[in-house]
Every structure is written in C-alpha cells, then in structure tokens.
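Let me begin by presenting the structure, written as structure tokens, before commenting on it.
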Amino acid sequence: MRKASRVVAEVLFHLKSRVKPGVSTAELDKFAESSVRDMGAVPAFLGYRGYPATLCVSINEEIVHGIPSPARIIREGDIVSLDMGAVCEGFYGDAAVTVAAGAVSGQAKRLMDVTSRSLEMALSEVRAGARLGDVSHAVEKYALENGMSVVREFTGHGIGRHLHEEPSIPNFGKPGSGPLLKAGMTLAIEPMLCLGRAEVVIKNDGWTAVSADGSLAAHYEHTVAVTEKGCDILSAVPKAG
Ligand code: MF3
Ligand code: CO
C-alpha cells in the first residue's frame, strides 16, 4: 500500500503543474495512465464499475467522478480536482487534490484552503483508540465553522486489497461514536466541501457528481495507516531528493 500510494502521490504531484488553461482533461488522464504504468503500477479506477479512465477530473461545481474528455478544456480561474488510485502487487492507494488553474477567485481559494485543512483536521484525530466519529466530526466541524457545506452522498472508505473496504467514512458525525480505530487499519479519508449548498446531482453520463446549486466544490484525499500515536500518511507527497 505504501508503494501504490507513493505512485499516486508522485503522479498527482506531476499532474499539478500540468493543470493550466488550454489543457484538456483527457491529456491529464493520458499522462496519468502512462505515468502509473511506467512506475510499474496499474490504474485502480479504470474499469472499476465500468469507470472509463485512470483519473477523475472534476472542475468547479463538479464535486467528484468527472470523466476526462478531449472536449473539456481547462480555463483560467477553474478549480480542478484530480482523484486517482493505483494498484501495486494487489494493494491499493487512493488520493485527491484540488488545483487552481491560473488566478482563481478569493472564494475559490478559501474553499480549497478550508477543504485541505479539513483533511488535516481529520488526520489529526486518527490514532489507535480513537473512534471513527472523531475523524468524521473533525471535518464537519472545521467546514461549518468556516461557512462551507459538507457533501453527504459520498464518503471516504477503508482501503487495502480492494479500493473500497469497510468502514465507510462520512465527513460528518458524532465524536466518540462509530468503529474503534486500531493500529494497522488503512483508511482513505476524503472531505468534499461546497461553497454553497451540498446537495448533489449526478449528470447524464452516470458519473459526474455536481453541486445541485452550481456552487464550487473541492476535494482532498489521503490514504493513511492508523498507528498507536497517530497516522502514517501513505500518499504524502514525497520530499524532493
Ligand atoms: N477516489 C474515489 C473514491 O475513493 C473514486 C473512485 S470511483 C471510480 O471512491 F469509479 F472512479 F473509480
Ligand atoms: Co477514495
């Protein structure tokens, strides 16, 4: 899982600098697939429940599961969520980031910042002996305090030999409730926040989830392992050198 997650982290890192006005989401997907395969891993989303690509690219009001297309061109001011999974020797890694294309609005920046920090808040609750509700609540609390809304239709998940395992990890919940975390558990934690209301509509392609009110959405995700004292972020971006 460390290998698979590292592949995901590195590919997302290299993709970030390719998110620019004029680039199609299909070009990003092509780069992602060849990078994953060059690193000796296999794309995890491609073919998963019929999903047709390596990457999910979700722009602006798209929350998750945007399907890459040569016709979808990134524009100045877009916020672009990149979500990818990889498999190495039968084990999965999964991570997501949201990237600004050129100069974006102050509101968009704030949404990205709050969503990214809400993931950090969640990770700071992860340790052996904590409850899953502590983790879920941390995202919800931070998001609401900062005036953002939390998507309820999609959740994080256990991950390991499969992309999606038990438990489901909602981005809202009660502290002290839910499954007890134990060292060695591996989790994909993924807050999805909106600037407006968080109701979701699925587009006619059967995949793309957008905010019903058209408000901007952001998404960040890490694959982590629970340890006695905290967590090991398996999909952390590798330090240079
Ligand atoms: N990263 C998402 C998740 O964790 C997307 C996977 S769905 C797929 O659930 F079909 F696109 F693979
Ligand atoms: Co995931």
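The values are calculated or read from the model by the stated rules, or taken from the named source; none is laboratory data. Nothing here was measured: the structure is a model prediction, and the numbers come from that model. As a convention, Cβ positions derive from the backbone with ideal geometry for all residues, glycine included, and neighbour counts pool all protein chains shown.
Check off (1) within 22 Å of G90 (Cβ to Cβ); (2) buried (at least 24 other Cβ atoms within 10 Å of the Cβ); (3) not hydrophobic (A, V, I, L, M, F, W, C) for G66 and give me the number that stays unchecked.
(1)
Being surrounded by 16 or more Cβ atoms within 10 Å (Cβ to Cβ), more than 16 Å from ligand 2 (Cβ to nearest atom) and in contact (Cβ under 8 Å) with a residue 60 or more places away in the chain is the requirement here; does L82 meet it?
Criteria not met by L82.
Only one residue in V97, V139 is part of a helix (DSSP H, G or I), crowded, with 20+ Cβ neighbours inside 10 Å and touching a residue at least 24 places away in the same chain (Cβ under 8 Å). Which one?
Being part of a helix (DSSP H, G or I), crowded, with 20+ Cβ neighbours inside 10 Å and touching a residue at least 24 places away in the same chain (Cβ under 8 Å) holds for just one of V97, V139, which is V139.
Confirm whether V19 is part of a helix (DSSP H, G or I), modelled with pLDDT of 95 or more and either of a type in the set (S, T, Y) or crowded, with 18+ Cβ neighbours inside 10 Å (or both).
no
Can you find a residue in the stretch 58-76 that is closer than 20 Å to V237 by Cα and either touching a residue at least 24 places away in the same chain (Cβ under 8 Å) or not polar (S, T, N, Q) (or both)?
Within the stretch 58-76, not a single residue is closer than 20 Å to V237 by Cα and either touching a residue at least 24 places away in the same chain (Cβ under 8 Å) or not polar (S, T, N, Q) (or both).
What residue, among those in the stretch 174-231 that are within 16 Å of ligand 1 (Cβ to nearest atom), part of a loop (DSSP other than H, G, I, E, B) and of a type in the set (D, E, K, R), is nearest to A95 (Cα to Cα)?
The qualifying residue nearest to A95 (Cα to Cα) is E190.
If only one of G147, G173 is farther than 21 Å from W207 by Cα, more than 16 Å from ligand 2 (Cβ to nearest atom) and surrounded by 14 or more Cβ atoms within 10 Å (Cβ to Cβ), which one is it?
G173
So that you can scan it fast, the table gives a plain yes or no per residue for (1) of a type in the set (A, V, I, L, M, F, W, C); (2) within 14 Å of ligand 1 (Cβ to nearest atom); (3) in a strand (DSSP E or B):
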site: G66; (1), (2), (3): no, yes, no
site: D83; (1), (2), (3): no, yes, yes
site: Y92; (1), (2), (3): no, yes, yes
site: M112; (1), (2), (3): yes, no, no
site: T115; (1), (2), (3): no, no, no
site: E120; (1), (2), (3): no, no, no
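If you go through the stretch 127-139, how many residues are closer than 13 Å to T227 by Cα and either basic (K, R) or touching a helix residue (DSSP H, G or I) at 6+ places or on another chain (Cβ under 6 Å) (or both)?
Here the count works out to 1.
Within the stretch 31-53, track down each residue that is touching a residue at least 24 places away in the same chain (Cβ under 8 Å) and either surrounded by 16 or more Cβ atoms within 10 Å (Cβ to Cβ) or of a type in the set (A, V, I, L, M) (or both).
Passing the criteria: A32, S35, V36, M39, A41, V42, P43, A44, F45, Y51, A53.
Quick check on my filter: what residues within the stretch 202-232 are more than 14 Å from ligand 2 (Cβ to nearest atom), over 12 Å from G66 (Cα atoms) and of a type in the set (V, I, T)?
Of everything in the stretch 202-232, those that are more than 14 Å from ligand 2 (Cβ to nearest atom), over 12 Å from G66 (Cα atoms) and of a type in the set (V, I, T) turn out to be V226, T227.
Regarding the stretch 167-182, can at least one residue be identified that is more than 19 Å from the chain's Cα centre (by Cα), farther than 18 Å from E140 by Cβ and charged (D, E, K, R)?
Yes; the residues of the stretch 167-182 include at least one that is more than 19 Å from the chain's Cα centre (by Cα), farther than 18 Å from E140 by Cβ and charged (D, E, K, R).
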